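Single-structure report; data block below.
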Amino acid sequence: LGPRSLSFPSWPPSMGNRCCAADSEVIQDSAWKLSVEGFGDGSKEEELIADIKLARPAQDDLSSATAKLEVQKEEHGQEEAMGPQLSQTSNVSAAEKKTAREQLESGLADAAAAMKELGTLAAERSLVATAKALSLKLQRLMQGVSGQQQETEETQKCLADLLASELYQRVLGLTKSFEDNFQDAVGNIDDWTHGVDVPIDYDSFGFPAWRDAVGEKGNVMSVYYKVEGMAIHVKVLGAAPLRDAKSSVSSALGYVGMWTELDLWPLWNPVAALPAIPLKSPSRDFLEYESADRVNAMIKLSCITELNHFFWEEEGVHMMHWNNLDASDDRTKKPPPSGYKRDADGGTIQSVWISQEKHTAIVYHAVKYLAISPPNWAVQLYVYYILPSFIRNMFAASFTTCRKDPYFQRFQEDRTGIYAALDRIYDAGVRRARRRKELGFSPFSGTRGSLPSPDFASSRKGSLPSLDKKLRELLMSERSRGG
């Protein structure tokens, strides 16, 4: 269920792919108590102060933060690991002692360090805390609580500079991408057609206790589809045991590894004639690569793909988003490998893994854009015959080939930190499920089950796009007042 195995030979370049910026993931901490309401309303001042004080993990999530910090201490040394964390949890009184310019500069510096060392989630925390502190200062000045006109203008300029900064814009773009694509993946399927259930042989994959994890009828991947105009939409819903009974590694490790270790693609990918080539230095959150696929003796295609990882640790969610570049992107002008044709038709896929106490809920979503409206016989062939074969092959590879050497050695080396991040995701999901005493998300037995609502990501506290709207409203109101 990767971007190449789910693609038709030709998609039109006008599909309008969602933008997915190329550097890092953006998921946000749903435990933040960051209200985005009430900017410009004097009655909300105490609430805003409380918001800034709580711009850090909630108390019942401190075990997750502590575990993360211990990993950072081991990998980077105690002093380096502590740096970004301390600034992100500074209290309001310390922030108030700084000028607006000092708050801006220190906030951006902390966010940049957090982006490099801890990922976009940590960078976002710094940006949100800085934005809230500046907005509170500006609101106070607007209400005449303290300060002079010069200070008001300087604070307004600092907040505007923050919103215009390259780092802020990058994090904001990634957050929007995450929210939009998560919503697409788990969106309502009431008007979709249930095509086929594909059995998964968990016994042969080393999960003998799978029934306890996913239920007696939970060993299936259910395929749904619908056709809209010249596009076919496909979703695959299912569940997997949380961890391998023997190695105790997460069930997603092999799947993520099969796409991450580009040079090992020919070991599992039946159409990968050559290893995929990274076009930028790989990181935990982002991978840009060029593939070389031999579909058959006549069709040899090379595609340039962006792969973003989104780690929402507090909710135990990991999402992968593939964006196959289309002809509108200048990077597709790069000559393909000798003997291959550049595939620049574009395409997107999301895979979402949501860890529970015993199992992982899995959602795959892909949209196929064709040159013509697909005839019914072609849709039936794809859904009932081609897709089941792809699903079985992908799970067989991720649970067997990609869970032993040389992959297992790569997991231990963990050059980018992605596999450690996956472990934290699944551990956090278990803690969340136990803390909330919830039954969990479970798309079992050919039904939607209890998957998250489509606005699960966008409605969380601390959503940067939601906060961004309020910040711009605040700036607009001050400019109107000043004019």
### Message
On the basis of being surrounded by fewer than 19 Cβ atoms within 10 Å (Cβ to Cβ) and touching a Gly at 6+ places or on another chain (Cβ under 7 Å), does R432 make the cut?
### Response
no
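Can you tell me which residue is surrounded by the most Cβ atoms within 10 Å (Cβ to Cβ) among those in region 256-292 that are assigned to a strand (DSSP E or B) and either within 19 Å of the chain's Cα centre (by Cα) or at pLDDT below 90 (or both)? Working first, answer last.
Within region 256-292, the first condition is being assigned to a strand (DSSP E or B), and the residues that meet it are 272, 277-278, 286-292.
If we keep only those that are either within 19 Å of the chain's Cα centre (by Cα) or at pLDDT below 90 (or both) too, we end up with 272, 286-289.
Numbers: A272: 18, F286: 21, L287: 25, E288: 20, Y289: 20.
Among those that are assigned to a strand (DSSP E or B) and either within 19 Å of the chain's Cα centre (by Cα) or at pLDDT below 90 (or both), it is L287.
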## Note on the structure
(1) open to solvent by 20 Å² or more (accessible area, probe 1.4 Å); (2) among the hydrophobic types (A, V, I, L, M, F, W, C); (3) within 30 Å of K470 (Cα to Cα) all hold for L172 apart from (1)
### Query
Can you name the condition, by its number, that T332 falls short on among (1) in contact with a Lys or Arg (Cβ under 7 Å, 6 or more places away or on another chain); (2) in a strand (DSSP E or B)?
(2)
### Query
Which of the residues belonging to region 365-422 are of a type in the set (S, T, N, Q) and open to solvent by 10 Å² or more (accessible area, probe 1.4 Å)?
S373, N376, Q380, S389, N393, T400, T401, Q409, Q412, T416
### Task
State whether one or more residues within region 187-205 are of a type in the set (V, I, T) and either at pLDDT below 90 or out of contact with any helix residue (DSSP H, G or I) (no Cβ under 8 Å at 6 or more places or on another chain) (or both).
yes
### Query
Residues of region 348-389 being of a type in the set (D, E) and assigned to a strand (DSSP E or B), which ones?
none
### Query
Within region 155-182, restricting attention to residues that are modelled with pLDDT of 95 or more and acidic (D, E), which residue is nearest to the chain's Cα centre (by Cα)?
E166
### Members of region 451-483 found to be outside any loop (DSSP other than H, G, I, E, B) and of a type in the set (D, E, K, R), listed by number
D468, K469, K470, R472, E473, E478, R479, R481
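Among what's in region 215-235 and is of a type in the set (A, V, I, L, M) and over 24 Å from the mean Cα position of the chain (by Cα), pick the residue that is most open to solvent (accessible area, probe 1.4 Å).
M230
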### Task
Hey, could you check region 347-361 for residues that are within 15 Å of M319 (Cα to Cα) and small (G, A, S) and say which is surrounded by the most Cβ atoms within 10 Å (Cβ to Cβ)?
S355
### Summary
Cβ pairs under 6 Å, 6+ apart or interchain, first in region 100-125 and at positive phi, second assigned to a helix (DSSP H, G or I), ordered by first then second residue, are none
### Task
Might you check whether a residue that is part of a helix (DSSP H, G or I), open to solvent by 10 Å² or more (accessible area, probe 1.4 Å) and under 26 Å from G119 (Cα atoms) occurs anywhere in region 305-313?
yes
### Message
For region 112-160, give me each residue that is small (G, A, S) and farther than 18 Å from E313 by Cα.
### Response
A112, A113, A129, A131, A133, S135, G144, S146, G147, A160
### Query
Could we say that G339 is in a strand (DSSP E or B) and either open to solvent by less than 30 Å² (accessible area, probe 1.4 Å) or within 23 Å of S291 (Cα to Cα) (or both) here?
no
### Query
Can you tell me how many residues in region 114-137 are modelled with pLDDT under 90, open to solvent by 30 Å² or more (accessible area, probe 1.4 Å) and touching a helix residue (DSSP H, G or I) at 6+ places or on another chain (Cβ under 7 Å)?
2
### Task
Might you check whether a residue that is open to solvent by less than 60 Å² (accessible area, probe 1.4 Å), modelled with pLDDT of 90 or more and either touching a Phe, Trp or Tyr at 6+ places or on another chain (Cβ under 7 Å) or assigned to a helix (DSSP H, G or I) (or both) occurs anywhere in region 238-254?
no
### Task
Scan (1) open to solvent by less than 60 Å² (accessible area, probe 1.4 Å); (2) without any contact (Cβ under 8 Å) to a residue 40 or more places away in the chain; (3) farther than 19 Å from V363 by Cα for the single condition W210 breaks and write down its number.
(3)
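The values are calculated or read from the model by the stated rules, or taken from the named source; none is laboratory data. Computed from a predicted model, the values in this text were never measured in an experiment. Quick reminder, even Gly has a Cβ in these numbers, built from the backbone with ideal geometry, and neighbours come from all protein chains shown. We work out accessible area using only protein heavy atoms, side chains counted, and drop any ligands, DNA or RNA first. Shrake-Rupley method; radii C 1.70, N 1.55, O 1.52, S 1.80 Å.
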